[in-house]
Amino acid sequence: MAQAQPLSPILKLLVDIGPLVLFFAANARFGIFVATAVFMIAVIGGLAVSILRTKNWPIMPVVSAFVVLVFGGLTLALQDETFIKLKPTIIYVLFGAVLAVGLAFDKPLLAVVFDSVFDLTNEGWRKLSARWAVFFFVLAALNELVWRTQTTDVWVNFKLFGFVPLTFAFAILQYPLMTRYAAAQPAEAVTAEPGREATSPPQDSPPAT
């Protein structure tokens, strides 16, 4: 049986952003309904690649894929593009609400999602979870504003050229917080191999949707 392997940066970028690029291209050429079908297939394909390679079921991409299938399916079955436009709002509100509820019970759930990627103190996880919760609610409101006031083509363009850059920029801006609240490494881990510098864990961010 093949061993689990982390996604390379290029492959991860393709898995995260590829479906949106295909959605944008298909909408420009064939319209929103064909684009929705292409997006659904691409999302499932990207998730399958991720699972087969890492041997792990990533929580946020799995939830995102489920919502894509439900609302994409409703869009195609009813020939109503409202459902696919609501999909980002549902996902962002869901993620934001889950993080907010976790914080209310002193359970920073972002730590559950990214514990293997980041090594932060409990206070760091709480602060990072609070920031992402607020950010997700802002994105939900922004999606509602765009799709309800703009044309379908403008909304599709904003999904790729608005939400994606905003998400990456926000993730990058969290680096100072993650550095400030990085958990202290055990002394034996630092001194086990003299002359070898400690390395930071790989970084990741919630997927764009």
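Values quoted throughout were computed directly from the atomic coordinates according to the rules given, and no laboratory measurement underlies them. In this text, all values refer to a predicted model and were calculated from it rather than measured experimentally. Glycine also receives a Cβ, built like all others from the backbone with ideal geometry; neighbour counts cover every protein chain displayed.
So here's what we get for this one:
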quantity	calculated
Filter result (farther than 20 Å from T89 by Cα and without any contact (Cβ under 8 Å) to a residue 12 or more places away in the chain) within the stretch 117-151	none
Residue among K127, K85 that is closer than 21 Å to P19 by Cα and assigned to a helix (DSSP H, G or I)	K85
Selection within the stretch 14-35 - within 18 Å of V164 (Cβ to Cβ) and either touching a strand residue (DSSP E or B) at 6+ places or on another chain (Cβ under 6 Å) or not small (G, A, S) (or both)	L14, V15, D16, I17, P19, L20, V21, L22, F23, F24, N27
A111 being within 17 Å of L94 (Cβ to Cβ) and in a helix (DSSP H, G or I)	no
Of the criteria (1) surrounded by 16 or more Cβ atoms within 10 Å (Cβ to Cβ); (2) of a type in the set (A, V, I, L, M); (3) over 13 Å from the mean Cα position of the chain (by Cα), which one V43 fails	(3)
Extreme residue, nearest to W147 (Cα to Cα), among residues of the stretch 25-82 that are part of a helix (DSSP H, G or I) and of a type in the set (D, E, K, R)	R29
All positions within the stretch 88-108 that are crowded, with 19+ Cβ neighbours inside 10 Å and not in a helix (DSSP H, G or I)	P108
Every pair of residues 6+ apart whose Cβ atoms lie under 6 Å, when the first sits in the stretch 61-79 and is over 18 Å from T152 (Cα atoms) while the second is hydroxyl-bearing (S, T, Y) and part of a loop (DSSP other than H, G, I, E, B)	S64/T209
